[in-house]
Amino acid sequence: MTGFALGVDQEEWCGQLRALAAERLRPLAEKGEPGRVNRPLLAALGELGLLERVFASGALELCLLRESLAYGCTEAETALALQGLGAYPVLRAGNEEQRERWLPEVRAGRAVAAFALSEPGAGSDAAALALAATADPAVEPAAGGGWRLSGEKCWISNAPEADFYTVFARTGEGPGAKGVSAFLVPADRPGLSGAALDMLSPHPIGSLTFDDVPVGPRDLLGEPGRGFRVAMDTLNLFRPSVGAFAVGMARAALDATLAYTADRTAFGGTLSDLQAVAHRVAEMATRTEAARLLVYAAAGAYDRGAGDVPRRAAMAKLLATETAQYVVDHAVQLHGAVALQRGHLLEHLYREVRAPRIYEGASEVQRTIIAKELYAGVVAR
């Protein structure tokens, strides 16, 4: 990528992905049940090699993948992204046994992963986690003992149907984020239960209850007390690609609006002849392009190993998700009542577009991160 312009091969790949999403994946998504894991859709993502690309690609390619799938099938995009979010901590911090057991199954779409960070009292303030990991010498005594997890997680995508969870719990090595450890917890572990939550978003979200769930040293992802870094490393990669998801939705809404307003007759001409409409569409297109470029810039910074990734990632997610909300809302307005019919593309996008402004750090959290990074630079000088 030079000057934020995609190469011919990249543009062709994105076009192929958009077509694949619409023609191959959309029919599978439509057969799924809202709020439930769509395992046939996951299997198709595995067969097509798309789940493999999540783990084998850099941040830019991940963004292109998510944007293109979102344009043609938001359910496929979300299913793919949740696999990456749940399993990336295993790839980055897991031991050889964990990687060999789970990553091939995730890549094939046979095992469902989930990222279990949020709690009823610790959503945006992730460092305030309360899930307790209490030391217990009776758990894996040959390895020096383990822990028992007690507490709750909430707003967990793919719960309670996931096959394993990357869980962040307080082991107490230090205050705040310094006392959090990460664990890989299989869904069949004794004491672990969950319940589905009835949410606006069509993908599965649930709560988890940990009742003295045993975990040992072999379940750790990385080192004790270093789990918060595992979580933040994961979010720094996936936050720009949440922006890419949002851009994909915005582009789909924009293209639908262009086609509709160019064809719809009103007041002696087409809607596009009306300056108010044309200017609104121009604003939608400009904001979408700006968000897209910022997403690419953040992804490029991540791939280069730049030191300002947290700020760039936060900016990309903030602008892209807020822009997508704006574009989809105005697309609905310009379409009128037809866009509110169940099954219409914009009705679907209107429901999908709201959640990304909250998950993986709400817009207010992104602004806090940006400001903190900016002022840190001023203090450093």
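Tell me whether the range 150-159 contains one or more residues that are within 18 Å of Asp233 (Cβ to Cβ) and outside any helix (DSSP H, G or I). Among the residues of the range 150-159, not one is within 18 Å of Asp233 (Cβ to Cβ) and outside any helix (DSSP H, G or I), which makes the answer no. Return the residues of the range 216-273 that are in contact (Cβ under 8 Å) with a residue 12 or more places away in the chain and β-branched (Val, Ile, Thr); say none if nothing qualifies. Val230, Thr234, Val242, Val247, Thr257, Thr261, listed by residue number. Criterion applied to Ala43, Ala19 was being over 18 Å from Ala162 (Cα atoms) and not hydroxyl-bearing (Ser, Thr, Tyr), and the one residue passing it is Ala19.
Table: residues versus (1) farther than 17 Å from Ala355 by Cα; (2) surrounded by fewer than 16 Cβ atoms within 10 Å (Cβ to Cβ); (3) not small (Gly, Ala, Ser).
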| position | (1), (2), (3) |
| --- | --- |
| Arg148 | yes, no, yes |
| Tyr165 | yes, no, yes |
| Lys178 | yes, yes, yes |
| Phe183 | yes, no, yes |
| Gly194 | yes, no, no |
| Leu200 | no, yes, yes |
| Leu208 | yes, no, yes |
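Per the listing Asp212, Asp219, the residue uniquely in the same structural domain as Pro137 (by TED's automatic domain parsing), among the charged types (D, E, K, R) and more than 25 Å from Glu96 (Cα to Cα) is Asp212.
Do we have any residue at all in the range 74-84 that's free of Cβ contacts under 8 Å to residues at least 40 places away in the same chain and over 21 Å from Glu352 (Cβ atoms)? Walk me through how you get there before you give the answer.
Step one: filter the range 74-84 for residues free of Cβ contacts under 8 Å to residues at least 40 places away in the same chain, giving 80.
Checking which are over 21 Å from Glu352 (Cβ atoms) leaves us with none.
The answer is no; no qualifying residue exists.
For the range 112-128, the candidate set comprises residues that are crowded, with 18+ Cβ neighbours inside 10 Å and at pLDDT 90 or above; within that set, the residue that is farthest from Gly174 (Cα to Cα) is Val112.
For (1) touching a Phe, Trp or Tyr at 6+ places or on another chain (Cβ under 9 Å); (2) modelled with pLDDT of 95 or more, each residue gets a yes or a no:
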position: Met199; (1), (2): yes, no
position: Pro204; (1), (2): no, no
position: Val215; (1), (2): yes, yes
position: Arg229; (1), (2): no, no
position: Asn236; (1), (2): yes, no
position: Gly243; (1), (2): no, yes
position: Met249; (1), (2): yes, yes
position: Asp255; (1), (2): yes, yes
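Summed over the range 52-93, the residues that are of a type outside the set (Phe, Trp, Tyr), closer than 19 Å to Glu11 by Cβ and part of a helix (DSSP H, G or I) give a count of 15.
Of all residues in the range 163-190, those being in contact with a helix residue (DSSP H, G or I) (Cβ under 7 Å, 6 or more places away or on another chain) and of a type in the set (Gly, Ala, Ser) number 5.
The values are calculated or read from the model by the stated rules, or taken from the named source; none is laboratory data. Since this is a predicted model, take the numbers as computed values, not measurements. Reconstructed Cβ throughout: ideal geometry from the backbone, glycine too, with neighbour counts over all protein chains shown.
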